[in-house]
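Colleague: Structure in structure tokens, see below.
The values are calculated or read from the model by the stated rules, or taken from the named source; none is laboratory data. In this text the structure is predicted, and so the values were computed from the model without any measurement. Virtual Cβ from ideal backbone geometry, glycine too; neighbours counted across all protein chains shown. Side chains are part of the model used for accessible areas, which takes the heavy atoms of the whole protein and leaves out ligands, DNA and RNA. Shrake-Rupley method; radii C 1.70, N 1.55, O 1.52, S 1.80 Å.
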Amino acid sequence: MHWKKTSEKPGPVMVWTPEQTGQFLDSVKGDRLYSLWYTFVFSGPRRGETCALPWPEVSLDALWLHISAQIVEVAYRQYGEAPKAESVRTNWLSLDHGEVLSRWQDQQTKELNEWAGVEARVESDRVWTHENGEPLHPDWVSRRFKRLVELSGLPPVRLHDLRHISATLALLGKADIKVAQERLSHSSRQITSCTYTSVLPEMMRTEAESTLSVAPREVAYDVHQKLEIFPERSGAMSPSSSPTAPATPETRGWSECRRGPRTPFSERFTPSAGARSTRPTPLSNGSGTTAPVRVGRSCGSRT
């Protein structure tokens, strides 16, 4: 593939399949910031929101994290910024997610204790920091993620694409689109729907299966039965008729062509003033009239 040779993304917005997402998390299981990548995938925050998130805004008992601030990076300088009203939200966590963050909190506490008495130690209440407690820079997080993707051998995606991946996984898991909208802090449900509902083929396949399940059937969908048809007057061949039996008016199929009465060539046209007329000569149709009768081959119609 082109991306394997050049590491270039095929498109501006790319997402991994569920299988590829699992492969990435497995590949970074030993990374120090595994809990950060886990949160990106299953909670979908922006990078500035994760860099600004303090521990008081996280509850490992009630399993939620409250996002109310973010870090904005301009020319590598960081600025604290209050997000828009629709961006302030509470994201609920799974039991596994809570366990991942709990283990990270223990690791972070141990690291800070090792830096006790060292001048370079930074006192901060941020959830994700360097070993000395210094908060993470948003651009550093992006570069770190890019390197991990390269080492994983997976198709290249941006750090921001993890938000897209988180949304598609939620919708694939049959989450309500309104819940997904609020978790991602989109301004409207339409943005969430138009952006994500057709990204993964698995989502389209799930929709097809859901549509199929609402039509009740007395016979299972995978059971096929031969349909017996006995037309009264169509002259169609029934499935029980032998294909080697001689064709008769009763067994001849609808696609069988029948020959009409053949008329001598000299009688088909009436000469007029030395020229051959292209109009057929009226022939008797057996009903006492002289309505024109089509001659040659004629096919019966299907009923």
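Colleague: Being of a type in the set (G, A, S) and either open to solvent by less than 70 Å² (accessible area, probe 1.4 Å) or under 37 Å from the mean Cα position of the chain (by Cα) (or both) is the filter here, so list the residues in region 93-142 that pass it.
Modeller: S94, G98, S102, A116, A120, S124, G133, S142 - these are the residues of region 93-142 that are of a type in the set (G, A, S) and either open to solvent by less than 70 Å² (accessible area, probe 1.4 Å) or under 37 Å from the mean Cα position of the chain (by Cα) (or both).
Colleague: Scan region 44-69 residue by residue and report those that are more than 31 Å from the chain's Cα centre (by Cα), part of a strand (DSSP E or B) and farther than 19 Å from Y34 by Cβ.
Modeller: Within region 44-69, P54, S59 qualify.
Colleague: Is there a residue in region 160-167 that is more than 32 Å from the chain's Cα centre (by Cα) and open to solvent by 50 Å² or more (accessible area, probe 1.4 Å)?
Modeller: no
Colleague: Just checking, which of Y34, Y38 is aromatic (F, W, Y), surrounded by fewer than 18 Cβ atoms within 10 Å (Cβ to Cβ) and at pLDDT 95 or above?
Modeller: None of the other options fit; the residue is Y34.
Colleague: Out of the residues in region 47-93 that are touching a helix residue (DSSP H, G or I) at 6+ places or on another chain (Cβ under 7 Å) and among the polar types (S, T, N, Q), which is farthest from R158 (Cα to Cα)?
Modeller: S68
Colleague: Shifting gears a bit: Of all residues in region 143-159, which are of a type outside the set (D, E, K, R) and exposed (fewer than 15 other Cβ atoms within 10 Å of the Cβ)?
Modeller: Correct list: L151, G153.
Colleague: State the number of residues belonging to region 93-110 that are of a type in the set (A, V, I, L, M) and touching a residue at least 60 places away in the same chain (Cβ under 8 Å).
Modeller: The qualifying residues number 2.
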